[in-house]
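Reviewing the structure listed below.
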Amino acid sequence: MAQRPKLYLAGPDVFLPNAAEIGQRKKDLCESFGFEGLYPLDNEAMQGFSEERRDAFIYRANVGMIHDADAGIVNLTPFRGVSADVGTAFELGLLTGLNRPVFAYSNDAETLLERTKRNGMATYDSATSSWRDPHGLLIEDFGNADTLMLTEALTAQGGVLIRIDAQGRLDEFAGFIACLEEAQKYFSG
């Protein structure tokens, strides 16, 4: 029997109160599509690390899983602000840097600029014809779901970013399933 492709499952849903349950559901969905899901919380079951070094252990273990993965599914739903989780952004960068295909989704269909405006953090500067944040810094206006470095990392390597209108809920699975469908096409073609 051929080995199933391994998918690293990145995203801020690891911070949800029911993160283990969410992870198991994602892994089950991966299996139903013919993949093995590698969920970051799988590492935490290992014992023997002092609490003050748990962060270093999690980092090394997750980076190891990323290196072991054949591809990634990345949840870019905004987290603790208007943009994607920074840890997830790092994992996306590492996956693309390793030339792994990445399939991403956001459960917020708005653009980065629209979210920034909705949160009262954008003003229009008519002198420069641009949008600025409360500190006067430029806000990207490319129509992207997040910063250009995240969205273009996906585009440059042929990946996809699926946008779902789920009001930013981290526990919505439609985008994840759509990414599994894209991964299935990629690995069967």
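The values are calculated or read from the model by the stated rules, or taken from the named source; none is laboratory data. Note that the structure is predicted; figures quoted are calculated from it, not measured. Please note: Cβ atoms are built from the backbone with ideal geometry, for glycine as well, and neighbour counts cover all protein chains shown. Side chains included, ligands, DNA and RNA excluded: accessible areas come from the protein's heavy atoms. Shrake-Rupley method; radii C 1.70, N 1.55, O 1.52, S 1.80 Å.
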Matching option when the condition is of a type in the set (D, E, K, R), touching a residue at least 12 places away in the same chain (Cβ under 8 Å), out of contact with any helix residue (DSSP H, G or I) (no Cβ under 8 Å at 6 or more places or on another chain) and surrounded by fewer than 16 Cβ atoms within 10 Å (Cβ to Cβ), among 55, 68
68
Hand me the list of helices (runs of 4 or more DSSP H) wholly inside segment 92-189 holding 1 or more residues that are open to solvent by 20 Å² or more (accessible area, probe 1.4 Å) and touching a residue at least 40 places away in the same chain (Cβ under 8 Å).
148-156, 174-188
Keeping to segment 146-165, report how many residues are more than 18 Å from residue 113 (Cα to Cα) and of a type outside the set (Val, Ile, Thr).
6
Looking only at segment 79-90, decide whether some residue is surrounded by fewer than 16 Cβ atoms within 10 Å (Cβ to Cβ) and in contact with a Lys or Arg (Cβ under 6 Å, 6 or more places away or on another chain).
no
Can you go through 88, 116 and tell me which one is among the polar types (S, T, N, Q) and touching a Leu at 6+ places or on another chain (Cβ under 8 Å)?
88
Among the residues listed as 22, 73, the single one being surrounded by 16 or more Cβ atoms within 10 Å (Cβ to Cβ), assigned to a helix (DSSP H, G or I) and either in contact with a helix residue (DSSP H, G or I) (Cβ under 8 Å, 6 or more places away or on another chain) or at pLDDT below 95 (or both)
22
